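Visitor: Handing you this structure, nothing more for now.
The values are calculated or read from the model by the stated rules, or taken from the named source; none is laboratory data. None of the values given here were measured: they were computed from a predicted structure. For neighbour counting, all protein chains shown are included, and Cβ atoms are generated from backbone atoms with ideal geometry for every residue, glycine included. The protein model used for the area step is the full one, side chains on, heavy atoms only, and it has no ligands, DNA or RNA in it. Shrake-Rupley method; radii C 1.70, N 1.55, O 1.52, S 1.80 Å.
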Amino acid sequence: MSLHPAIAAVTDRIIERSKPTRDAYLALIRREREGGVDRPILGCANLAHGYAGTEEDRDMMRGGRAMNIGIVTAYNDMLSAHATYYRYPEQMKIWAREAGATAQVAGGVPAMCDGVTQGFPGMELSLFSRDTIALSTAIALSHGMFEGAALLGICDKIVPGLLMGALRFGHLPMILIPGGPMRSGLPNKEKAAIREQYAEGKATREELLDAEIAAYHSKGTCTFYGTANSNQMMMEMMGLHMPGAAFANPGTKLRQELSRGAVHRLTKIGWNGDDYRPLGECVDEKAIVNAAIGLLATGGSTNHLIHLPAIAAAAGIVIDWEDFDRLSPVIPLITRVYPNGSADVNGFEDAGGMPFVIRELLDAGLLHRDIRTVAGDDLTAYGKKPVVEGDGLAWIDPGASGDETIARPVSNPFSAEGGFRILTGNLGRACIKVSAVARDRWTIEAPARVFDDQAGVQAAFKAGELDRDVVVVVRFQGPRANGMPELHKLTPPLGVLQNRGFRVALVTDGRMSGASGKVPCAIHASPEALGDGPLSRLRDGDMIRVCAEMGVLQALVDDAEWAARVPVQAPAWASGTGRELFAMFRHGANEAEKGASAMLAAMGA
């Protein structure tokens with residue numbers, strides 16, 4: 001089927017807008033390919049240093065004929081999703097030798113866990129860890145020792161950061177290698193119920209801890225459909241994984257064969273191969289649009305309304321929230337995965353997973369098929385499901401949905417439209433995820449209760465001050481104010497208030513990510529409150545209208561009074577937990593819609 005005209009129009013809009021920066025980017029990677037640093041021009045002392053740590057492969061490396069793969073790893077064993085990478089490098093070296101190549105760990109990047117830092121000062125480093133990861137990736141690849149790279153990363157800021165850094169070396173072919181989700185533990189809805197009970201004082205801390213450990217119980221990605229698993233969805237949509245690699249569990253034969261296949265495939269698409277596929281050419285405007293469509297079709301994480309523009313900018317591509325807004329009316333919501341449904345990603349994989357979603361969207365003309373992927377010249381292979389066959393892999397049609405409460409065909413979607421909306425008004429421009437919000441709560445009009453941090457919200461909730469219809473406003477949470485932390489600690493109390501029958505919404509210049517669910521949340525409000533943004537003019541009791549139906553975010557205050565108000569100044573900034581080291585990132589960050597990145601702002605992207 002031919003491509004839907006609305007998708008073609010959005011793509012053309014992006015291509016036209018991006019032409020100067022995309023042309024400059026492609027010129028950069030051509031220069032790096034033709035005249036940049038690579039092994040043939042390195043001096044003997046340079047090469048000796050590069051080979052010294054790998055005596056077993058040194059003779060093959062010094063011959064100069066074998067491809068050398070750089071491994072950039074986000075391994076640590078504090079983060080469950082990345083603990084799976086412990087033995088990957090040694091395995092990958094063996095798999096590279098099988099294909100007549102070599103591999104070296106080029107460098108490590110930090111990988112922090114938002115789940116551990118949630119609600120605490122370390123969370124204020126989270127967003128800017130992405131820029132740090134990008135910079136670390138660039139350092140790892142700067143040695144000129146590699147003809148291709150394997151990127152090992154999964155979670156929230158790690159995949160965007162890896163890509164942002166790697167794209168500046170876009171003349172190299174690269175494949176992202178995921179580790180897979182942990183097996184299902186305590187169902188997410190039961191976990192959420194215990195959290196709400198604890199928020200109301202109806203469960204003890206020990207009961208809450210037991211539930212959390214039962215949910216997050218082993219190595220692998222957390223099983224809810226948050227930012228980490230949305231990352232994996234996007235990599236499939238962009239053709240940067242081995243097809244179908246996103247959600248195979250760790251420790252399985254399938255997981256191992258997909259990782260082995262990725263290493264073998266890198267040797268075929270490498271610098272000197274017959275099928276050279278540089279990353280910077282694979283990540284083009286059509287691939288970025290496919291990622292955006294995937295977010296809409298699956299109800300993915302709102303964090304990617306920040307991350308995808310940042311990834312795109314690193315490749316010279318300019319996208320904005322209006323592009324998402326124009327796509328949303330024509331992209332059906334065809335999956336329900338927690339927090340948008342009851343199933344986790346393992347249930348989603350069993351129901352057909354990403355191969356089912358991609359095949360459905362391709363057949364309906366709702367994805368760009370003609371993108372250059374690491375696996376081939378179009379996206380078709382990503383609509384097939386990988387299986388172990390003999391000593392290798394085969395790909396088969398995913399068939400019909402295994403469970404239509406989780407994944408549905410385009411002909412019978414959960415919703416005819418995608419799961420995101422853009423809101424605008426005198427409070428600025430914000431995003432709202434509506435895929436899990438009941439339609440009768442898409443419009444909330446209620447008096448504001450204004451806070452400068454989430455601790456204030458929790459205290460007011462415990463004191464019973466929020467037991468009414470209310471729009472909770474949490475300001476001074478933007479990238480320049482305090483690093484734009486996640487505000488997950490607000491989910492249980494807001495959920496409790498809604499369960500009590502009140503009409504409740506959240507408005508913030510901070511983030512709620514892929515774990516946001518049934519309560520309408522207008523997030524990433526821009527301009528942020530710091531610097532006299534509109535949220536700094538709000539007062540307790542102001543009536544606020546949050547309307548996803550009409551795309552409205554409005555303080556219902558007389559225009560003259562609004563203009564005359566003196567903006568509230570931000571509270572004193574707090575140091576400690578290393579936050580002071582990130583001052584340059586905060587001061588230099590651009591707005592959320594442009595990626596909330598100091599690094600990209602400094603580049604002029």
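Visitor: If I ask for residues that are aliphatic (A, V, I, L, M), in a helix (DSSP H, G or I) and open to solvent by less than 10 Å² (accessible area, probe 1.4 Å), which ones from region 461-498 would you list? Don't jump to the end; show me each part of the working.
Guide: Initially, region 461-498 is screened for residues aliphatic (A, V, I, L, M), giving 463, 466, 470-474, 481, 484, 487, 490, 494, 496-497.
From what is left, the residues that are in a helix (DSSP H, G or I) are 481, 490, 494, 496-497.
LEU490, LEU494, VAL496, LEU497, listed by residue number.
Visitor: Collect the residues in region 386-401 that are in contact with a strand residue (DSSP E or B) (Cβ under 6 Å, 6 or more places away or on another chain) and not in a strand (DSSP E or B), keeping them in residue-number order.
Guide: Correct list: PRO398, SER401.
Visitor: A follow-up question, please. Cβ-Cβ distance below 9 Å, separation of 6 or more or different chains: which pairs start in region 431-460 with a residue that is within 20 Å of SER301 (Cα to Cα) and end on one that is aromatic (Phe, Trp, Tyr) and outside any loop (DSSP other than H, G, I, E, B)?
Guide: Hits for this filter: CYS431/TRP321; CYS431/PHE324; CYS431/PHE420; ILE432/PHE420; LYS433/PHE420; VAL434/PHE420; SER435/PHE420.
Visitor: Go through region 197-283 and tell me which helices (runs of 4 or more DSSP H), entirely inside it, have 2 or more residues that are of a type in the set (Ser, Thr, Tyr). Spell out the reasoning first.
Guide: Numbers: elements: 205-215, 227-238, 253-268, 279-282.
Helices (runs of 4 or more DSSP H) meeting the threshold: 227-238, 253-268.
Visitor: Something else now. Only one of these is touching a helix residue (DSSP H, G or I) at 6+ places or on another chain (Cβ under 8 Å), closer than 18 Å to ASN590 by Cα, open to solvent by less than 10 Å² (accessible area, probe 1.4 Å) and outside any loop (DSSP other than H, G, I, E, B): LEU327, LEU305. Name it. Write out each step before concluding.
Guide: Details: LEU327 fails: closer than 18 Å to ASN590 by Cα.
Only one candidate passes the filter, namely LEU305.
Visitor: Here is a follow-up. So, in region 413-451, how many residues would count as being part of a loop (DSSP other than H, G, I, E, B) and either under 26 Å from the mean Cα position of the chain (by Cα) or aliphatic (A, V, I, L, M) (or both)?
Guide: Going through region 413-451 one residue at a time, the tally reaches 13.
Visitor: Considering (1) under 25 Å from the mean Cα position of the chain (by Cα); (2) at pLDDT below 95, say which one THR21 fails and leave the rest.
Guide: The one condition THR21 does not meet is (2).
Visitor: Here's a follow-up. Any residue at all in region 48-69 that is within 17 Å of VAL159 (Cα to Cα) and within 28 Å of the chain's Cα centre (by Cα)?
Guide: Within region 48-69, the first condition is being within 17 Å of VAL159 (Cα to Cα), and the residues that meet it are none.
Scanning region 48-69 turns up no residue that is within 17 Å of VAL159 (Cα to Cα) and within 28 Å of the chain's Cα centre (by Cα).
Visitor: Scan region 580-597 residue by residue and report those that are more than 17 Å from HIS524 (Cβ to Cβ) and either small (Gly, Ala, Ser) or assigned to a loop (DSSP other than H, G, I, E, B) (or both).
Guide: ALA583, GLY588
Visitor: State which residue is most open to solvent (accessible area, probe 1.4 Å) when the search covers only region 185-196 and only residues that are assigned to a helix (DSSP H, G or I) and under 21 Å from SER218 (Cα atoms). Before the answer, list the steps.
Guide: Looking only at region 185-196, we keep the residues that are assigned to a helix (DSSP H, G or I), and these are 188-196.
Among the residues that remain, those that are also under 21 Å from SER218 (Cα atoms) are: 188-192, 194-195.
Values: ASN188: 8, LYS189: 124, GLU190: 99, LYS191: 5, ALA192: 27, ILE194: 39, ARG195: 83 Å².
Selected residue: LYS189.
Visitor: Identify, please: which residue in region 499-511 is basic (Lys, Arg) and open to solvent by 20 Å² or more (accessible area, probe 1.4 Å) and is, among those, nearest to ARG130 (Cα to Cα)? Give the steps one after another, and end with the answer.
Guide: Let us first name the residues in region 499-511 that are basic (Lys, Arg), namely 500, 503, 511.
After this cut, where a residue has to be open to solvent by 20 Å² or more (accessible area, probe 1.4 Å) as well, the list is 500, 503.
Numbers: ARG500: 38, ARG503: 35 Å.
Within region 499-511, the match that is nearest to ARG130 (Cα to Cα) is ARG503.
Visitor: Ok, one more. Regarding LEU79, is this residue touching a Cys at 6+ places or on another chain (Cβ under 7 Å) and under 23 Å from VAL159 (Cα atoms)? Let's see the steps before the verdict.
Guide: Numbers: touching a Cys at 6+ places or on another chain (Cβ under 7 Å): yes; under 23 Å from VAL159 (Cα atoms): yes.
So LEU79 fits the description; yes.
Visitor: While we're here: Has region 197-206 got at least one residue that is closer than 26 Å to LEU466 by Cα, surrounded by 17 or more Cβ atoms within 10 Å (Cβ to Cβ), touching a residue at least 12 places away in the same chain (Cβ under 8 Å) and not acidic (Asp, Glu)? Outline the logic, then answer.
Guide: Of region 197-206, the ones closer than 26 Å to LEU466 by Cα are 197-205.
Applying the additional criterion that residues be surrounded by 17 or more Cβ atoms within 10 Å (Cβ to Cβ) yields 197-199, 203.
Filter once more, keeping what is touching a residue at least 12 places away in the same chain (Cβ under 8 Å): 198-199.
Then keep just the ones that are not acidic (Asp, Glu); that gives 198-199.
Within region 197-206, one or more residues are closer than 26 Å to LEU466 by Cα, surrounded by 17 or more Cβ atoms within 10 Å (Cβ to Cβ), touching a residue at least 12 places away in the same chain (Cβ under 8 Å) and not acidic (Asp, Glu).
Visitor: Report whether or not VAL457 is in a helix (DSSP H, G or I), at pLDDT 95 or above, in contact with a helix residue (DSSP H, G or I) (Cβ under 7 Å, 6 or more places away or on another chain) and buried (at least 21 other Cβ atoms within 10 Å of the Cβ).
Guide: On the way: in a helix (DSSP H, G or I): yes; at pLDDT 95 or above: yes; in contact with a helix residue (DSSP H, G or I) (Cβ under 7 Å, 6 or more places away or on another chain): yes; buried (at least 21 other Cβ atoms within 10 Å of the Cβ): yes.
Yes, satisfied.
Visitor: Here is a list of conditions, (1) out of contact with any strand residue (DSSP E or B) (no Cβ under 7 Å at 6 or more places or on another chain); (2) closer than 17 Å to ARG449 by Cα; (3) open to solvent by 40 Å² or more (accessible area, probe 1.4 Å), and PRO567 meets all of them except one; can you say which number that is?
Guide: If we test PRO567 against (1) out of contact with any strand residue (DSSP E or B) (no Cβ under 7 Å at 6 or more places or on another chain); (2) closer than 17 Å to ARG449 by Cα; (3) open to solvent by 40 Å² or more (accessible area, probe 1.4 Å), just (3) comes out false.
Visitor: Further, regarding this structure: Is there a residue being hydrophobic (A, V, I, L, M, F, W, C) and either in contact with a His (Cβ under 9 Å, 6 or more places away or on another chain) or within 30 Å of ALA459 (Cα to Cα) (or both) anywhere in region 131-145?
Guide: No, there is no match, as no residue in region 131-145 is hydrophobic (A, V, I, L, M, F, W, C) and either in contact with a His (Cβ under 9 Å, 6 or more places away or on another chain) or within 30 Å of ALA459 (Cα to Cα) (or both).
Visitor: Pairs under 8 Å by beta carbon, first residue under 14 Å from ALA134 (Cα atoms) and touching a residue at least 24 places away in the same chain (Cβ under 8 Å) in region 592-605, partner open to solvent by less than 40 Å² (accessible area, probe 1.4 Å) and acidic (Asp, Glu), six or more apart or different chains?
Guide: SER597/ASP131; ALA598/ASP131; MET599/ASP131
Visitor: Another question, then. Need the failing condition index for ARG421 against (1) under 30 Å from ILE293 (Cβ atoms); (2) surrounded by fewer than 20 Cβ atoms within 10 Å (Cβ to Cβ), just the number.
Guide: Looking at each condition in turn, ARG421 falls short on (2).
Visitor: Now for a different question. On the basis of being without any contact (Cβ under 8 Å) to a residue 40 or more places away in the chain and not small (Gly, Ala, Ser), does GLU486 make the cut? Before the answer, list the steps.
Guide: Details: without any contact (Cβ under 8 Å) to a residue 40 or more places away in the chain: no; not small (Gly, Ala, Ser): yes.
Spelling it out, it is not the case that GLU486 is without any contact (Cβ under 8 Å) to a residue 40 or more places away in the chain and not small (Gly, Ala, Ser).
Visitor: Test GLU257 against the stated conditions and say whether it is out of contact with any Leu (no Cβ under 6 Å at 6 or more places or on another chain) and among the acidic types (Asp, Glu). Steps first, answer last, please.
Guide: Working: out of contact with any Leu (no Cβ under 6 Å at 6 or more places or on another chain): no; among the acidic types (Asp, Glu): yes.
No.
Visitor: Being part of a loop (DSSP other than H, G, I, E, B) and farther than 17 Å from ASN272 by Cα, is that true of even one residue in region 16-33?
Guide: No, the conditions are met nowhere in region 16-33.
Visitor: Filter region 57-74 down to the residues that are without any contact (Cβ under 8 Å) to a residue 24 or more places away in the chain and assigned to a helix (DSSP H, G or I), then identify the one that is nearest to GLY251 (Cα to Cα). I'd like the intermediate steps shown before the answer.
Guide: As a first pass, look at region 57-74 and keep what is without any contact (Cβ under 8 Å) to a residue 24 or more places away in the chain: 58-59, 62-63, 65.
Checking the rest, the ones that are also assigned to a helix (DSSP H, G or I) come to 58-59, 62-63.
Working: ARG58: 31, ASP59: 33, ARG62: 35, GLY63: 35 Å.
This residue is ARG58.
Visitor: Do we find a residue being open to solvent by less than 20 Å² (accessible area, probe 1.4 Å) and of a type in the set (S, T, N, Q) anywhere in region 34-50?
Guide: Among the residues of region 34-50, not one is open to solvent by less than 20 Å² (accessible area, probe 1.4 Å) and of a type in the set (S, T, N, Q), which makes the answer no.
Visitor: So, LEU209, is that one under 29 Å from MET484 (Cα atoms), open to solvent by 10 Å² or more (accessible area, probe 1.4 Å) and of a type in the set (A, V, I, L, M) or not?
Guide: Numbers: under 29 Å from MET484 (Cα atoms): yes; open to solvent by 10 Å² or more (accessible area, probe 1.4 Å): yes; of a type in the set (A, V, I, L, M): yes.
Answer is yes for this residue.
Visitor: Name the single residue that is farthest from ALA166 (Cα to Cα) among those in region 34-45 being in contact (Cβ under 8 Å) with a residue 60 or more places away in the chain and assigned to a helix (DSSP H, G or I). Before you say what the answer is, go through the steps one by one.
Guide: Within region 34-45, the subset in contact (Cβ under 8 Å) with a residue 60 or more places away in the chain is 36-39, 41-42.
Of the ones still in play, those that are also assigned to a helix (DSSP H, G or I) are 39, 41.
On the way: ARG39: 18, ILE41: 21 Å.
Here the residue is ILE41.
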